[in-house]
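No lab work stands behind these numbers, since they all come straight from the coordinates. The model shown is predicted, which means the values in this text are computed figures rather than measured ones. Don't worry about glycine lacking a Cβ; one is built from the backbone with ideal geometry, like all the others, and counts go over all protein chains shown.
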């Protein structure tokens, strides 16, 4: 019989198995005096980063309240990646004031920055997983994030996640990484909507998952302040492709009513800071850039934006350039760096260039990353040769006519 060698054994980790990881996490919980309130989920090894992740579960509610991250080589708890005891207590108690107190303690441990530093990042196109690519970007090097995350299994081409919780965990990890690279007091704007999971058979029901509300919880827990919920309103009839409302329209029976979705959320968050937004304006080193993009009188006065949806045969789910331009215009200065960690075919980059901003576009699908490279030639012309590419060849502009 062939003896199976585990990944941990092959790599000579000090933490070899689930029991080892649980024992280390138990010691950490005891030091935080949380062992009576918190139990463990199933520890998992992340051999890409040589760490063990031990989920922490509230004994009463059975909800995840955090995780302990352990260096697989040294068996030491990685404190900067482990959920702090203050945050765990706040989640157990459900008190926002506990989270606020944790923010204050982190602030006291971190030296207060006295000046706003302009980013030196140049236009960037990266092919790969955002969770990994973001780790290589400098801290506080991005001024605005606008993105639309992939749908959770709403269409066959998006069927990448084992479960909805797996999907939310992936979103949490990327939101965590973005928090590190986002400049102080700047904005993370996400276009997101509930998704409809179609029924597998006539005897089963479809499911509608309220993704925006779960995203909101993650943002708050990961150190962002809620600013606005903007409603993107599409033309009447835009949502009929979902088939919602057809049964009621035909039969008109009570209980069968289902509203046809013609809206999506544009959720606006600000990276937590004790500084007011006025500080971001006054402390910005390039005051000319602050004055240049003054918003004209034809601006949106309510949180309902009426914008036509966009379609492109090259990608199944894109948002319109107009939506990206509006977000970029309202939440950044000319010359700022705008990040999209789920770039698709590069709509955010196109809008950023139009408005005099720089872009960082991360896309994990090679075919879409290739499209972004070609699109960059249209946006920038010969200047596309200056774009930094990650995991992609340098952009060849020899085919661009003068």
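Quick notes on this structure:
- Ranking of 130, 141 by count of other Cβ atoms within 10 Å, fewest first: 141, 130
- For the stretch 302-402, pairs of C-alpha atoms spaced more than 23 angstrom apart make up 27 percent of the total.
- The stretch 242-389: C-alpha gyration tensor shape, a/c 1.5 cut-off, then a/b vs b/c: oblate
- For the chain: rounded, prolate or oblate by the Cα gyration tensor [a/c cutoff 1.5]: rounded
- In this simple spin-label approximation, residue 274 and residue 120 carry label points 7 Å from Cα along the Cα→Cβ vector, and these lie 3.0 nm apart.
- Ordering 337, 321 from the fewest to the most neighbouring beta carbons within 10 Å gives 321, 337.
- Looking at the chain, the DSSP beta bridges with both ends there are about 60 percent antiparallel.
- Here the residues 258, 271, ranked from fewest to most Cβ neighbours within 10 Å of their Cβ, fall in the order 258, 271.
- Descending principal axes extents, the stretch 285-341, alpha-carbon based, whole Å: 41, 27, 14
- Dimensionless Rg/Rh of the stretch 7-109 - Kirkwood Rh, Rg from C-alpha atoms: 1.01
- Dividing the summed helix terms, -39500 (n - 2.57) for each DSSP H run of n ≥ 4, by the number of residues in the chain produces a 222 nm estimate of -9000 deg cm²/dmol to the nearest 500.
- Take the Cβ atoms of residue 197 and residue 398, set R0 to 51 Å, and the FRET efficiency comes out at 0.60.
- Using alpha carbons only, the radius of gyration of the stretch 1-42 set against its Kirkwood radius gives Rg/Rh = 1.16.
- Inter-probe distance in nm under a simple model that places probes 7 Å from Cα toward Cβ, at residue 6 and residue 322: 5.7
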